[in-house]
Amino acid sequence: MAIAGCLIAARPPQIVGDGGEYLVYALNFAALRGPSLRTADLEPLKQQVVAYAPELDVPEFYQSAVPGRDRRRDFMHFWFFSLAATPFVWIAQAARVPAVYAFFGLNLTLLLIALRVALPRIGRAWSAFLFASPLLWWIDKPHTEMCTVCLIAIALLLICDSPWWAMVALGAASTQYPPLVVGVPLVAAAAVIANRAWLRDRRFQYGLATALALAVLHPAYYYVRHGTPSLLLNVSNTGAPTWAEWSAVLVSPDIGLFASFPLWPVVVLAALILLGRRRRWALFSVEAIVAMILGVFFLAVFGKKDNVHHGATPSLSRYALWFIPLAIPWLRSAAAVGGGGWRWFAGAAAVISASISIFAFHPSVPQNSREPTWLANFLWTRHPGWNNPLPEVFAEAFSHTDDPFAPTFTGGCEKLLIGGMTPAGTWPLPCYPPGLPLSCRSEGVWCYANRTAHDYDVIKAPGRWNPRPRPRPDLTWPIDSEQAVRDLFHEWEWWDLRQNVVPWWLRQVTGVRVFGLTGADRFILVLRDPQPGASLVFRLPRAMTGKIVNGHWGGAITNLQFGGAPWDQWAVPLPASSDLLLLAMRGK
């Protein structure tokens, strides 16, 4: 509790993603009007939220509030989480603090319950490893991530000794995410396989009935009010997910669990190796089988999401957090056979992980501010061909918006994402525009161009993301200029130049937009929309020669020569005869 208080002391809780919806529901319940929203109450409820978070004062605040048969509205996300927060809203109102703190109270309570269950079963080190993890970022947010992860952890910890609570935990989690209902029969079957006497235990029977009642709550409510088992069905893709979609929440270098919590796969692998050597049957205990089935099921469900790169996160996918507690069965078994060496390993992993997470996933870190992650940036700039992420992830990681702009590219043009051939152009300025294969020439087809030694390797992007890209004509090579640009770039051996870098020898720019490629003894400037009287002023380090070329047809307009003393000021007037000029210079 002390640590949690310190974590939120740096900054008041943020309302991110769909947090405004959960807060509106909680306020509606606190006023004893829930769960559905009356039309007359919409604006007053919104103003209570906006009073705390003015940035949410937008016309589309209620865009996902769907009117039911009685014209009262419901959000796509269910209200059970907000109902659980209602007692904390009353406490916050009595203490005269913003109602958003109620969700910190709920999240902290669930975390403390999960810790109380975990400590005697997996010990302090692994409890700290699992809960003082990237999960910390959500501790003060009006979002369900802390709730879901804690309930999954409780379920996996209690399968064998208190299966009724395990089933109730998963039933409660399924109120917000109906697919989690699959865990209820899994836990029931696992518990009975481990001990058939549970079937005659009334606690087991009541727990199963309660869990199923909770699981039915979500689809029953929406079916009665909206004629569908869930409004979330509208935000899922049809058909089977591709490998890239299926695996993104784990292995994506930008939103995947492995990139943001790299010690997790290391620890899980170490536990599996230890058990394989000392207690092989524990690899496939009933708890482990439940965790494996849940993991595969999670991947299949997450692969169908239509918004893979969602908000309300500092970087990694929110759904990736669900995998963290799935390690519990193997960590628990490994702790029983590992001995002193394993305990030292557990302590080191916990200290390192918690220390990093407290800073990297501090609750005050702004959402999506850690993108691209260090691993994604390393791969996409140093080894661009090694990883081709879902185009949604790449595009939004660099634009920090939900608009699918094309082209999108890394700072040094190492990796380019294009949306096919469009009238506005295909390739970004000032990157080299390679040839476009036939498979990428249709408008709206997403493709990557990965830098090689002297060219680009152009391939189709993985996944099924198919929104029409918003063109960026001001940052794109005109289609009729591509051949002239290629010719000049090859003449100046562009592959040895740093792309998208203006040379520091250019000291003043007047009346023109400038992009550049720079090397030790030569450079190319891309000049867009020169105005009458446009000019450039240089202080060159040596004598150089070059030319100004019309970017559309490639003909030389002016030959240039600088023969003055090094660092002398040299002014170059620019012709206004074309909206696209190329100025290329190299040492004698």
Any chance you could run the full-extension gain for Val97 through Ile289? It's 0.36 nm times the residue separation minus the Cα-Cα distance, nm to one decimal.
-> 64.6 nm
Cross-link reach list, lysines versus Lys588, counting only Cα pairs under 23 Å and skipping chain neighbours closer than eight places | Lys547
Principal axis dimensions, the chain - Cα atoms, whole angstrom, descending | 95, 65, 46
Quote to one decimal, in nm, the extra length available between Arg72 and Arg278 on full extension: 0.36 nm per residue of separation minus the C-alpha distance between them.
-> 68.2 nm
Any idea which of Gly425, Ala461, Leu379 is furthest toward the positive side of the dipole for the range 374-475, if Lys and Arg beta-carbons carry +1 and Asp and Glu beta-carbons -1?
-> Ala461
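So how do Trp446, Trp243, Trp137 line up by other beta-carbon neighbours within 10 Å, fewest first? If you can, show how the numbers build up before the last one.
Values: Trp446 25, Trp243 11, Trp137 30.
Ascending number of Cβ neighbours within 10 Å: Trp243, Trp446, Trp137.
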Near Ile122, within a Cβ-to-Cβ distance under 14 Å, what is the net charge of the other residues, with Lys and Arg +1 and Asp and Glu -1?
-> +3
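Return one quarter of the surface area of the convex hull spanned by the alpha-carbon atoms of the range 468-588, equal to its mean projected area, in nm².
Working: hull surface 30.4 nm².
For the Cα atoms of the range 468-588, the hull's average projected area reads 7.6 nm².
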For Lys46, list the lysines whose Cα falls under 18 Å from its own Cα; do not include residues on the same chain fewer than 8 positions away.
-> Lys141
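Give me the net charge of Arg38's neighbourhood, meaning all other residues with Cβ under 10 Å from the Cβ of Arg38; Lys, Arg count +1, Asp, Glu -1.
Numbers: positive: Arg33, Arg71, Arg72, Arg73; negative: Asp41, Asp70.
Net of charged neighbours comes to +2.
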Looking at the chain, which Cys residues are left with no other cysteine's beta carbon under 4.7 Å from theirs?
-> Cys6, Cys147, Cys150, Cys160
Shape call, the range 118-220: gyration tensor on alpha carbons, a/c limit 1.5 = oblate
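At a 10 angstrom cut-off on C-beta neighbours, averaged per residue, how do the peptides 58-70, 153-165 rank from highest to lowest? Don't skip to the answer; put the middle values down first.
On the way: 58-70: 12.9, 153-165: 23.1.
Going from most to least packed, we get 153-165, 58-70.
Sort 417-425, 565-573 by packing, meaning the average of other beta carbons within 10 Å per residue, with the highest value first. Show your work: numbers first, answer last.
Values: 417-425: 20.6, 565-573: 12.3.
For the peptides 417-425, 565-573, the packing ranking is 417-425, 565-573.
Of Asp403, Asp18, Asp254, how do they rank once you tally other Cβ atoms within 10 Å and put the fewest first? Don't skip to the answer; put the middle values down first.
Details: Asp403 10, Asp18 18, Asp254 27.
Neighbour counts put them in this order, fewest first: Asp403, Asp18, Asp254.
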Rank-order 44-54, 404-414 by packing density, defined as the average count of other C-beta atoms within 10 Å over each peptide's residues, highest first.
-> 404-414, 44-54
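Rounding to the nearest 20 debye, state how big the charge dipole of the chain is about its Cα centre with +1 on each Lys and Arg Cβ and -1 on each Asp and Glu Cβ. Walk me through the intermediate numbers first.
Numbers: 48 positive and 37 negative charges, 363 e Å.
That gives the chain a dipole magnitude of about 1740 debye.
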Percent RCO, i.e. relative contact order, over the chain, from Cα pairs under 8 Å lying at least 6 residues apart = 10
Overall form of the range 374-475 per C-alpha gyration tensor (a/c, 1.5; a/b vs b/c) = rounded
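Can you pull out the trypsin sites (Lys or Arg not before Pro) in the range 91-169 whose DSSP state is coil and whose Cβ has at most 10 other Cβ atoms within 10 Å?
Details: sites: Arg96, Arg116, Arg121, Arg124; in loops: Arg96.
Those that pass, being in a loop and sparsely packed, are Arg96.
No value in this document is a laboratory result; all are computed from the given coordinates. Nothing here was measured: the structure is a model prediction, and the numbers come from that model. Note: ideal-geometry Cβ built from the backbone for every residue, glycine included; neighbour counts use all protein chains shown.
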